[in-house]
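S.K.: One structure follows; several queries about it will come next.
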Amino acid sequence: MAGFRTRQVHAGVTPDPTTGAILTPIHQATTFAQESVEEYMARGYSYSRAANPTVSAFEEKMANLEGGVGAAAYASGMAATAAVMMAFLGAGQHALVSDVVYGGTHRFATRVLSRFGVDFDFVDTADNDLIAAAVKPNTALIFTETPANPTLKLTDLAAVSDIAREHGAIHAVDNTFLTPYYQLPLELGADVVVHSTTKYLDGHNATLGGAVVAARIEHVDELKFIQKSAGSITSPFVAWLTMQGVKTLSERMDRQSSNAMEVARFLEAHPKVTAVGYPGLESFPQHDLAKRQATGFGAMVWFEVEGGIEAGKTVMRSVELWTLAENLGAVESLITHPVTMTHGEMSVEERSKAGITDGLVRLSVGLEDSEDLIHDLDFALAQV
Ligand SMILES: Cc1ncc(COP(=O)(O)O)c(C=O)c1O
């Protein structure tokens, strides 16, 4: 098999047979002409809610990069997560979810699916014994996110996949923070991989999208069925633009991650910073696991400032190069306050159990010069 860099450029894309266009065209069409009633779907397409050639090219690229047999692309990362939960859970069943997850995942589980008779427990998926103890006879899905948003807590993917398999449950992994360039959950035994392609895969703060890749064809079929039935497929334009972003994924990830390491080391040495979280630091409690199950540490960092929430707000107000905004993973460096922004709907108890403190400041490190990023943080910290 060709290397990752080759595949990120070429997988799913062949010059258009009719024109030779080197990029997969944006097939901006709702419906597709059929030759005859007998030959319905002979060319594979009927209506763009079910499938679209541009979306299919993107799905093929995603399946290739994650090492799955197929993929389904959705209108957002949340639509992808929702599809996984709707595909693999039903009334009377139970799911285990990482206690630290993206706030929207928590919200969909507790405020939407729980109304349809699905039971959820949020567990510390960094602790394999806790997971094994929390599995019930009706557990159908274990949904993990690693590194998790925003504390970067890690889940041992091989160990949790073993637990899931032993109990006949599906292990779904949100791989948004590391992408297939750094982490391959299916290789470690997971069944499906979920992405908010809005983040590193697009990489330019330009689109909202999601994708799910599965290791088994029957799971791909279930995911495509939800895509069509819920009407949550992504658009041809978003699929096309995301494909262009994916072609430079490895280069962006490597540079953003090395910037993140420099930023994390600067913060760790700063007298006003009381705590820093970055899986690449030796001080990170799961640093060994980070090295074992992934080939890179990613570009998300968090820190706390002496003086708590008020001091954190001063930093967020004083930065100039870093933008106060919710997204992550793109070339622009962003600074976020999870408690008011991304995780605002979790209860105070749930947040404190998950270690999402009021003073936690999250950084998505971008592609700028690291000296400029550090200089700007240094200035902001001096205002505290
Ligand atoms: C880890 C993770 N998963 C899923 C999502 C949801 O993705 P989207 O915003 O594309 O719906 C996010 C968004 O922030 C995220 O950080």
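S.K.: Just to be sure before I move on: is residue 267 assigned to a loop (DSSP other than H, G, I, E, B), buried (at least 18 other Cβ atoms within 10 Å of the Cβ) and at pLDDT 95 or above in the structure I sent?
M.R.: On the way: assigned to a loop (DSSP other than H, G, I, E, B): no; buried (at least 18 other Cβ atoms within 10 Å of the Cβ): yes; at pLDDT 95 or above: yes.
Taking the combined requirement at face value, the residue does not satisfy it.
S.K.: Still on this structure, please answer the following. Any residue in the range 322-330 that is more than 16 Å from the ligand (Cβ to nearest atom) and without any contact (Cβ under 8 Å) to a residue 40 or more places away in the chain? First the steps, then the outcome.
M.R.: From the range 322-330, those more than 16 Å from the ligand (Cβ to nearest atom) are 322; that's our starting set.
Filter once more, so that each one left must be without any contact (Cβ under 8 Å) to a residue 40 or more places away in the chain: none.
Taking every residue of the range 322-330 in turn, none turns out to be more than 16 Å from the ligand (Cβ to nearest atom) and without any contact (Cβ under 8 Å) to a residue 40 or more places away in the chain.
S.K.: Within the range 339-358, can you find the residues that are touching a residue at least 60 places away in the same chain (Cβ under 8 Å) and touching a Gly at 6+ places or on another chain (Cβ under 8 Å)?
M.R.: 342, 343, 344, 345, 346
S.K.: Quick check, is residue 66 modelled with pLDDT of 95 or more, of a type in the set (Asp, Glu) and within 16 Å of the ligand (Cβ to nearest atom)?
M.R.: So residue 66 passes the test.
S.K.: Oh, and also: Taking the residues in the range 216-238 that are surrounded by 20 or more Cβ atoms within 10 Å (Cβ to Cβ) and among the aliphatic types (A, V, I, L, M) as candidates, determine which candidate is farthest from residue 80 (Cα to Cα).
M.R.: If we take residues in the range 216-238 being surrounded by 20 or more Cβ atoms within 10 Å (Cβ to Cβ) and among the aliphatic types (A, V, I, L, M), then 238 is farthest from residue 80 (Cα to Cα).
S.K.: Given the criterion at pLDDT below 95, among the aliphatic types (A, V, I, L, M) and buried (at least 22 other Cβ atoms within 10 Å of the Cβ), identify the matching residue among 377, 360.
M.R.: Being at pLDDT below 95, among the aliphatic types (A, V, I, L, M) and buried (at least 22 other Cβ atoms within 10 Å of the Cβ) holds for just one of 377, 360, which is 360.
S.K.: Regarding the range 223-243, can at least one residue be identified that is without any contact (Cβ under 8 Å) to a residue 60 or more places away in the chain and within 19 Å of residue 27 (Cα to Cα)?
M.R.: yes
S.K.: Do you know which residues across the range 137-160 are of a type in the set (Phe, Trp, Tyr) and surrounded by fewer than 22 Cβ atoms within 10 Å (Cβ to Cβ)?
M.R.: Within the range 137-160, no residue meets the criteria.
S.K.: Can you report the number of residues in the range 279-335 which are polar (S, T, N, Q) and assigned to a strand (DSSP E or B)? Before you say what the answer is, go through the steps one by one.
M.R.: Of the range 279-335, the ones polar (S, T, N, Q) are 283, 286, 293, 295, 314, 318, 323, 327, 333.
The next check asks that each one be assigned to a strand (DSSP E or B); those that pass are 323.
Qualifying residue count for the region: 1.
S.K.: In addition: Identify the single condition in (1) surrounded by fewer than 17 Cβ atoms within 10 Å (Cβ to Cβ); (2) within 19 Å of the chain's Cα centre (by Cα) that residue 258 does not satisfy, given that it satisfies every other one.
M.R.: Answer for residue 258: the failing condition is (2).
S.K.: Inspect the range 86-102 for any residue being more than 15 Å from the ligand (Cβ to nearest atom), in a loop (DSSP other than H, G, I, E, B) and within 25 Å of residue 49 (Cβ to Cβ) and give the result as yes or no.
M.R.: yes
The values are calculated or read from the model by the stated rules, or taken from the named source; none is laboratory data. Treat the numbers as computed from the prediction; the structure is a model and nothing was measured. All Cβ positions, even for glycine, are placed from backbone atoms using ideal geometry, and neighbour counts span all protein chains on display.
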